[in-house]
Amino acid sequence: MSEDLPRRSRIPDGSSASGVDCPRGGVLAPQPYACPVSTTSAPGDTVIQPSAAEAVRIGVLAVQGDVREHLAALTALGAEAITVRRPAEVELVDGLVIPGGESTVMDKLVRAFELREPLLRRIAEGMPAYGSCAGMIMLADRIVDARPDQQTLGGLDVTVRRNAFGRQVDSFEQDLEYAWSDPSDKDTVHAVFIRAPWVEEAGPGVQVLARVSEGAAAGRIVAVRQGNLMATSFHPEVGGDRRIHAEFVSIVRAHRLQQSGASQSPEREDTA
């Protein structure tokens, strides 16, 4: 895959200028290189209606990847889901989803659209972020096999390997044990791996949420969390299982409530 920025400003429905498949349908994004997107949930979805205290706005970085599927999952869970393509939109969200795609191209697009600096600042300030597949790479502090000029947003104290499981033809699905936030939940998650990375090393402050359960890659780390940052090697948006997104929405809501409480707390006066 070429590492040069594509020159086309419009792309056909269902395709990506970077060579990574986009979801079919939706509205063509009004900017170069982005995939067709839609902010509506899928037909038949039951949309959760949150209370005013639980209302959150979550952005999906809309330069590449399964943008529509992530938007639909977030909307079904009661979040206000919007696309993030411009620096000003970074300031509007309580949390951010970084979808899959091709990490080197995504890095270049983030820089080309002047999103890098505001994203770095918001993540450093504690904004929750969830990355799937290439999104995991974007949130990693270190990449084993990075291109010479490749940059990440960082925040997760992990070392990842790009395309660790092989090429597109090596894509696979597997049920994984997952460390849900509710310890009593022992359900597995059905994981879809498409040219996926894995975590080579995780720092001491990183919680390992899931590992490959069988095969040559058994034991490899494929889901992690550190504070408000969360990442998976696999694509939960593909199979329609909303639970990974629900975990992230809970993180965003907890952070929003914490921020609201802090802003409303009266300042204490020092006493002698």
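Would you check which residues across the stretch 194-220 are assigned to a strand (DSSP E or B) and modelled with pLDDT under 95 and list them?
Within the stretch 194-220, no residue meets the criteria.
Return yes or no: is Asp187 among the acidic types (Asp, Glu), closer than 28 Å to Thr75 by Cβ and loosely packed, with under 13 Cβ neighbours inside 10 Å?
Spelling it out, Asp187 is indeed among the acidic types (Asp, Glu), closer than 28 Å to Thr75 by Cβ and loosely packed, with under 13 Cβ neighbours inside 10 Å.
For the stretch 232-253, give me each residue that is part of a helix (DSSP H, G or I), more than 13 Å from Tyr130 (Cβ to Cβ) and small (Gly, Ala, Ser).
Scanning the stretch 232-253 gives a single hit, Gly239.
With farther than 14 Å from Val249 by Cα and of a type in the set (A, V, I, L, M) as the only criterion, which of Ala81, Ala73, Ala55, Ala124 stands out?
Of the residues listed, the single one that is farther than 14 Å from Val249 by Cα and of a type in the set (A, V, I, L, M) is Ala124.
Condition first: among the hydrophobic types (A, V, I, L, M, F, W, C) and within 13 Å of the chain's Cα centre (by Cα). Now tell me which residues in the stretch 129-168 satisfy that.
Ala129, Cys133, Ala134, Met136, Ile137, Met138, Leu139, Ala140, Leu153, Leu156
Does Leu92 fit the bill of being aliphatic (A, V, I, L, M) and either under 21 Å from Val222 (Cα atoms) or crowded, with 17+ Cβ neighbours inside 10 Å (or both)?
It is false that Leu92 is aliphatic (A, V, I, L, M) and either under 21 Å from Val222 (Cα atoms) or crowded, with 17+ Cβ neighbours inside 10 Å (or both).
Does any residue in the stretch 205-216 that is surrounded by 11 or more Cβ atoms within 10 Å (Cβ to Cβ) come within less than 8 Å, Cβ to Cβ, of a residue that is among the basic types (Lys, Arg) six or more places away or on a different chain, and which pairs are these?
Listed by first residue and then by second, the contacts come to Val206/Arg225; Gln207/Arg225; Leu209/Arg225; Arg211/Arg220; Val212/Arg220.
Going through Ala272, Ala262 one at a time, which residue ends up being over 25 Å from Thr159 (Cα atoms), modelled with pLDDT under 85 and in a loop (DSSP other than H, G, I, E, B)?
Ala272
Would you point out the residue of the stretch 155-183, among those that are at pLDDT below 90 and polar (S, T, N, Q), that is nearest to Ala231 (Cα to Cα)?
Asn163
The values are calculated or read from the model by the stated rules, or taken from the named source; none is laboratory data. For clarity, every value in this text was computed on a predicted model and none was experimentally measured. Neighbour counts are summed over all protein chains in view; Cβ atoms, including those assigned to glycine, are modelled from backbone coordinates with ideal geometry.
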